[in-house]
1. Work out the FRET efficiency for Asp11 and Arg171 from their Cβ-Cβ distance, taking R0 = 30 Å, and round it to the nearest 0.05.
2. If you wrap a convex hull around the alpha carbons of the chain, what volume per residue comes out, as a whole number of Å³?
3. For region 1-50, what log10 I(q)/I(0) values come out of the Debye formula at q = 0.27 1/Å, with one point per alpha carbon and no solvent?
4. Nothing charged except the Cβ atoms of Lys and Arg (+1) and of Asp and Glu (-1): what's the magnitude of the dipole of the chain about its Cα centre? Round to the nearest 20 debye.
5. Taking the Cα centre of region 1-95 as origin and charging only Cβ (+1 Lys, Arg; -1 Asp, Glu), how large is the dipole, in debye to the nearest 20?
6. Which of the trypsin sites (Lys or Arg not before Pro) across region 48-100 are loop residues per DSSP, with 14 or fewer other Cβ within 10 Å?
7. If you place +1 on the Cβ of every Lys and Arg and -1 on the Cβ of every Asp and Glu, how big does the dipole about the Cα centre of region 79-132 come out, in debye to the nearest 20?
8. Angle, helix 2-11 long axis vs. longest principal axis of the chain, Cα atoms, 0 to 90°, nearest 10?
Amino acid sequence: MQELRERILADGEVIGSQVLKVDSFLNHQIDPVFVMRMGQEIASRFAGEGVTRILTVEASGIAVAMAVGLALNAPLVFAKKSRASTQNDSVYTADVYSFTRKEAVHITVSARYLGKDDVVLIVDDFLAHGEAMNGLVNIVHQAGAKLAGAGIIIEKRFQGGGDSLRAQGVRIESLAAITSMEPGKICFAE
Ligand code: G4P
Ligand code: NA
Ligand code: NA
């Protein structure tokens, strides 16, 4: 998405070699009109797939998932994060290790909001090593639901998460794919 690449070049700040800060429109301040356009773009790529639920993780995935859910007229469900592991028959759970935060978090989704008749579209703001995405895919499998794929705003392709999911047969659509970055220089795929 050309508009997103331009916005990243104009407003993005590369921290070290691994982290892209986009606090001006996505991760601290949110540009609602722009996020809605990005949600519509992700929705259009999965139109006709019969998506019944959007799945993301709190917190920063929620705004994007809301935009996609509105465009596809489907409810969004966000996995909740907790430190303690929950043992409960009525929830699906996965452990997610965060490279950014260097700690594991436990994510949970109530079985009430995801089940075997669902067609799920996972949505997130970033795809890096794919730990969060693996956890969400795992939860979709626990629910016995069908996975339509994943829609991502910014994929950091050099961290490999997207490619390993594609190798497992998961359809990944990212609106901007970064192949390399350093302060002052960001390179995109295609
Ligand atoms: P991974 O899940 O893809 O392996 O990535 P990682 O563990 O590194 O990511 C942990 C959190 O940091 C995730 O947020 C992810 O969206 C975010 N993140 C990863 N890389 C970047 C980046 O380059 N820039 C920004 N701004 N965020 C990044 P989260 O778990 O959803 O936490 P929250 O911030 O939404 O609460
Ligand atoms: Na985040
Ligand atoms: Na996120």
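1. Details: r = 29 Å, r/R0 = 0.96.
Efficiency, from the Cβ-Cβ distance: 0.55.
2. Enclosed volume per residue, from the Cα hull, is 108 Å³.
3. -1.04
4. The dipole magnitude comes to about 320 debye.
5. With Lys and Arg at +1 and Asp and Glu at -1, about 160 debye.
6. Listed in order of number, the matching sites are Arg83.
7. For this selection, approximately 240 debye.
8. 70
A short reminder: the numbers here are calculations on the coordinates, not readings from a lab. Please read all numbers here as calculations on a predicted model, not as lab measurements. As a convention, Cβ positions derive from the backbone with ideal geometry for all residues, glycine included, and neighbour counts pool all protein chains shown.
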